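These notes concern the structure reproduced below.
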(Lines give C-alpha, C1' and ligand atoms only; values in the text may rest on other atoms or scores of the structure.)
Protein backbone atom coordinates (compact mmCIF):
# COMPACT_ATOMS: atom_id res chain seq x y z
CA UNK A 1 0.00 0.00 0.00
CA UNK A 2 1.19 3.50 -0.86
CA UNK A 3 -0.13 6.59 0.90
CA UNK A 4 0.37 10.02 -0.66
CA UNK A 5 -0.40 12.94 1.65
CA UNK A 6 -1.13 16.38 0.28
CA UNK A 7 -1.83 19.57 2.21
CA UNK A 8 -4.55 21.59 0.55
CA UNK A 9 -3.37 25.17 0.94
CA UNK A 10 -6.84 26.33 -0.07
CA UNK A 11 -8.51 24.63 2.92
CA UNK A 12 -5.51 23.88 5.18
CA UNK A 13 -6.66 20.27 5.22
CA UNK A 14 -4.93 17.01 4.41
CA UNK A 15 -5.99 15.05 1.35
CA UNK A 16 -4.85 11.42 1.12
CA UNK A 17 -4.47 9.28 -1.97
CA UNK A 18 -4.09 5.60 -1.11
CA UNK A 19 -3.13 3.02 -3.72
CA UNK A 20 -2.64 -0.74 -3.67
CA UNK A 21 0.36 -2.40 -5.32
CA UNK A 22 -1.50 -2.52 -8.66
CA UNK A 23 -2.26 1.22 -8.62
CA UNK A 24 -5.96 0.99 -7.71
CA UNK A 25 -6.47 4.23 -5.81
CA UNK A 26 -8.88 5.97 -3.48
CA UNK A 27 -8.94 9.53 -2.17
CA UNK A 28 -9.87 10.32 1.40
CA UNK A 29 -11.33 13.79 2.09
CA UNK A 30 -10.91 15.75 -1.18
CA UNK A 31 -10.73 19.16 0.51
CA UNK A 32 -9.62 20.94 -2.64
CA UNK A 33 -8.41 19.36 -5.86
CA UNK A 34 -5.42 21.08 -7.39
CA UNK A 35 -2.75 20.24 -9.96
CA UNK A 36 -0.57 18.42 -7.42
CA UNK A 37 -3.32 15.97 -6.43
CA UNK A 38 -4.19 15.32 -10.06
CA UNK A 39 -0.49 14.61 -10.76
CA UNK A 40 -0.42 12.11 -7.88
CA UNK A 41 -3.48 10.34 -9.30
CA UNK A 42 -2.22 10.34 -12.89
CA UNK A 43 1.47 9.64 -12.32
CA UNK A 44 1.56 7.41 -9.23
CA UNK A 45 -1.63 5.36 -9.59
CA UNK A 46 -3.35 3.51 -12.40
CA UNK A 47 -6.95 4.41 -11.75
CA UNK A 48 -9.00 6.30 -9.21
CA UNK A 49 -11.75 3.97 -8.01
CA UNK A 50 -13.41 5.71 -5.06
CA UNK A 51 -13.64 8.71 -2.77
CA UNK A 52 -14.16 8.30 0.99
CA UNK A 53 -15.41 11.17 3.15
CA UNK A 54 -14.78 11.20 6.89
CA UNK A 55 -17.66 13.67 7.31
CA UNK A 56 -19.67 16.14 5.29
CA UNK A 57 -18.00 19.43 6.30
CA UNK A 58 -17.05 21.51 3.27
CA UNK A 59 -13.45 21.78 4.52
CA UNK A 60 -13.05 18.10 3.65
CA UNK A 61 -15.50 17.66 0.77
CA UNK A 62 -15.30 20.77 -1.42
CA UNK A 63 -13.09 19.14 -4.07
CA UNK A 64 -15.67 16.45 -4.75
CA UNK A 65 -17.24 18.46 -7.59
CA UNK A 66 -13.92 18.76 -9.43
CA UNK A 67 -13.15 15.06 -8.98
CA UNK A 68 -16.55 14.00 -10.27
CA UNK A 69 -16.15 16.15 -13.40
CA UNK A 70 -12.85 14.45 -14.21
CA UNK A 71 -13.53 10.91 -12.96
CA UNK A 72 -17.23 10.23 -13.59
CA UNK A 73 -17.09 6.51 -12.71
CA UNK A 74 -15.74 7.07 -9.20
CA UNK A 75 -17.89 5.84 -6.31
CA UNK A 76 -18.38 7.99 -3.23
CA UNK A 77 -18.54 6.45 0.25
CA UNK A 78 -19.61 8.26 3.43
CA UNK A 79 -22.03 8.03 6.36
CA UNK A 80 -24.67 9.88 4.30
CA UNK A 81 -26.80 9.12 1.24
CA UNK A 82 -25.57 12.30 -0.47
CA UNK A 83 -22.53 14.54 -0.13
CA UNK A 84 -22.35 17.97 -1.79
CA UNK A 85 -25.29 16.95 -4.01
CA UNK A 86 -23.65 13.71 -5.20
CA UNK A 87 -25.09 10.28 -4.40
CA UNK A 88 -23.03 8.38 -1.85
CA UNK A 89 -22.88 4.76 -0.76
CA UNK A 90 -23.85 4.96 2.90
CA UNK A 91 -21.50 3.25 5.34
CA UNK A 92 -22.17 2.21 8.92
CA UNK A 93 -19.90 1.24 11.78
CA UNK A 94 -17.96 -1.93 10.97
CA UNK A 95 -18.69 -1.96 7.23
CA UNK A 96 -15.84 -3.37 5.14
CA UNK A 97 -15.20 -2.31 1.54
CA UNK A 98 -12.61 -3.97 -0.69
CA UNK A 99 -11.20 -1.96 -3.59
CA UNK A 100 -8.45 -3.77 -5.44
CA UNK A 101 -5.97 -4.82 -2.76
CA UNK A 102 -7.28 -2.29 -0.22
CA UNK A 103 -9.56 -3.46 2.57
CA UNK A 104 -11.20 -0.41 4.14
CA UNK A 105 -13.05 -0.62 7.46
CA UNK A 106 -15.48 2.14 8.43
CA UNK A 107 -15.48 3.05 12.12
CA UNK A 108 -18.23 5.39 13.36
CA UNK A 109 -16.85 7.95 15.83
CA UNK A 110 -19.55 10.59 16.40
CA UNK A 111 -18.97 13.79 18.30
CA UNK A 112 -17.23 16.29 16.03
CA UNK A 113 -20.14 15.61 13.70
CA UNK A 114 -22.74 12.88 13.94
CA UNK A 115 -21.66 11.47 10.57
CA UNK A 116 -17.94 11.19 11.43
CA UNK A 117 -16.24 8.06 10.16
CA UNK A 118 -12.65 6.93 10.60
CA UNK A 119 -11.26 4.63 7.91
CA UNK A 120 -8.86 1.86 8.83
CA UNK A 121 -6.68 0.36 6.11
CA UNK A 122 -4.23 -2.08 7.67
CA UNK A 123 -2.38 -0.15 10.37
CA UNK A 124 -3.35 3.26 8.94
CA UNK A 125 -6.21 5.29 10.45
CA UNK A 126 -7.66 8.18 8.46
CA UNK A 127 -9.35 10.17 11.19
CA UNK A 128 -10.63 13.38 9.58
CA UNK A 129 -11.43 15.78 12.41
CA UNK A 130 -12.08 13.07 15.00
CA UNK A 131 -8.54 12.59 16.31
CA UNK A 132 -5.66 14.93 15.52
CA UNK A 133 -2.07 14.96 16.76
CA UNK A 134 -2.33 16.13 20.37
CA UNK A 135 -6.03 17.02 20.33
CA UNK A 136 -9.51 15.88 19.36
CA UNK A 137 -11.99 17.45 16.98
CA UNK A 138 -14.01 20.48 17.99
CA UNK A 139 -17.51 19.97 19.35
CA UNK A 140 -20.49 22.26 19.90
CA UNK A 141 -21.37 21.13 23.41
CA UNK A 142 -20.08 19.33 26.50
CA UNK A 143 -22.34 16.39 25.61
CA UNK A 144 -20.85 16.09 22.11
CA UNK A 145 -17.33 16.30 23.56
CA UNK A 146 -18.16 13.50 26.02
CA UNK A 147 -19.57 11.42 23.15
CA UNK A 148 -16.46 12.03 21.06
CA UNK A 149 -14.00 11.14 23.83
CA UNK A 150 -16.03 8.02 24.71
CA UNK A 151 -16.08 6.96 21.02
CA UNK A 152 -12.34 7.56 20.64
CA UNK A 153 -11.64 5.59 23.80
CA UNK A 154 -13.76 2.58 22.88
CA UNK A 155 -13.11 2.41 19.14
CA UNK A 156 -9.69 3.90 18.43
CA UNK A 157 -7.53 3.72 21.54
CA UNK A 158 -8.17 -0.03 21.73
CA UNK A 159 -6.37 -0.51 18.39
CA UNK A 160 -2.67 -1.51 18.30
CA UNK A 161 -0.26 1.15 19.62
CA UNK A 162 1.61 1.33 16.32
CA UNK A 163 -1.42 2.33 14.21
CA UNK A 164 -0.52 5.48 12.31
CA UNK A 165 -3.00 8.34 12.48
CA UNK A 166 -3.51 10.35 9.29
CA UNK A 167 -5.63 13.31 10.48
CA UNK A 168 -7.65 15.80 8.47
CA UNK A 169 -5.41 18.62 9.73
CA UNK A 170 -1.86 18.76 11.04
CA UNK A 171 0.84 16.15 11.32
CA UNK A 172 0.77 12.37 11.57
CA UNK A 173 0.69 10.61 14.92
CA UNK A 174 0.32 7.15 16.44
CA UNK A 175 -2.17 5.66 18.87
CA UNK A 176 0.60 5.26 21.45
CA UNK A 177 1.54 8.95 21.24
CA UNK A 178 -2.07 10.05 21.62
CA UNK A 179 -2.45 7.85 24.70
CA UNK A 180 0.57 9.55 26.25
CA UNK A 181 0.32 13.16 25.08
CA UNK A 182 -3.15 14.05 23.77
CA UNK A 183 -4.17 16.89 26.08
CA UNK A 184 -7.92 16.56 25.43
CA UNK A 185 -7.87 12.86 26.24
CA UNK A 186 -5.71 13.35 29.32
CA UNK A 187 -8.04 16.08 30.60
CA UNK A 188 -11.02 13.80 30.17
CA UNK A 189 -9.37 11.24 32.45
CA UNK A 190 -8.09 8.85 29.80
CA UNK A 191 -4.63 7.65 30.60
CA UNK A 192 -2.48 4.88 29.20
CA UNK A 193 -3.60 2.72 32.12
CA UNK A 194 -7.32 3.35 31.43
CA UNK A 195 -7.20 2.58 27.71
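Listed values, structure above:
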read-out	value
Flag if residue 116 is surrounded by fewer than 19 Cβ atoms within 10 Å (Cβ to Cβ) and either modelled with pLDDT of 95 or more or under 25 Å from residue 185 (Cβ atoms) (or both)	no
Checking residue 15 against (1) in contact with a helix residue (DSSP H, G or I) (Cβ under 7 Å, 6 or more places away or on another chain); (2) more than 24 Å from residue 59 (Cβ to Cβ), the condition it does not meet	(2)
Selection count, region 125-143, where residues are outside any loop (DSSP other than H, G, I, E, B) and within 15 Å of residue 29 (Cα to Cα)	6
Exclusive hit being over 14 Å from residue 107 (Cβ atoms), surrounded by 14 or more Cβ atoms within 10 Å (Cβ to Cβ), out of contact with any strand residue (DSSP E or B) (no Cβ under 7 Å at 6 or more places or on another chain) and modelled with pLDDT of 80 or more, set 145, 150	145
Selection count where residues are out of contact with any helix residue (DSSP H, G or I) (no Cβ under 8 Å at 6 or more places or on another chain) and surrounded by 18 or more Cβ atoms within 10 Å (Cβ to Cβ), scope region 44-54	4
Index of the failed condition, residue 170 passing every other in (1) buried (at least 17 other Cβ atoms within 10 Å of the Cβ); (2) within 13 Å of the chain's Cα centre (by Cα); (3) in a loop (DSSP other than H, G, I, E, B)	(1)
Region 44-56 - residue that is in a loop (DSSP other than H, G, I, E, B) and within 20 Å of residue 78 (Cα to Cα) and, of those, modelled with the lowest pLDDT	56
Count of region 19-51 residues which are under 19 Å from the mean Cα position of the chain (by Cα) and on the phi > 0 side of the Ramachandran plot	1
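A quick yes/no check of all residues on (1) within 19 Å of residue 129 (Cβ to Cβ); (2) out of contact with any helix residue (DSSP H, G or I) (no Cβ under 9 Å at 6 or more places or on another chain); (3) at pLDDT below 95; (4) surrounded by 15 or more Cβ atoms within 10 Å (Cβ to Cβ):
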residue	(1), (2), (3), (4)
10	yes, yes, yes, no
27	yes, no, no, yes
32	yes, no, yes, yes
77	yes, yes, no, yes
85	no, no, yes, no
91	yes, yes, no, yes
97	no, yes, no, yes
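Listed here are the residues, each with its yes/no results for (1) touching a residue at least 60 places away in the same chain (Cβ under 8 Å); (2) under 17 Å from residue 178 (Cβ atoms); (3) within 14 Å of the chain's Cα centre (by Cα); (4) assigned to a helix (DSSP H, G or I).
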| residue | (1), (2), (3), (4) |
| --- | --- |
| 110 | no, no, yes, no |
| 120 | no, yes, yes, no |
| 145 | no, yes, no, yes |
| 151 | no, yes, no, yes |
| 162 | no, yes, no, no |
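Okay, residues lined up against (1) surrounded by 15 or more Cβ atoms within 10 Å (Cβ to Cβ); (2) part of a loop (DSSP other than H, G, I, E, B):
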position	(1), (2)
42	no, no
59	yes, no
67	yes, no
73	no, yes
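The values are calculated or read from the model by the stated rules, or taken from the named source; none is laboratory data. As the structure is a computational prediction, the values presented were derived from the model and not from experiment. So basically every Cβ, Gly included, is an ideal-geometry build from the backbone, and we count neighbours across all protein chains shown.
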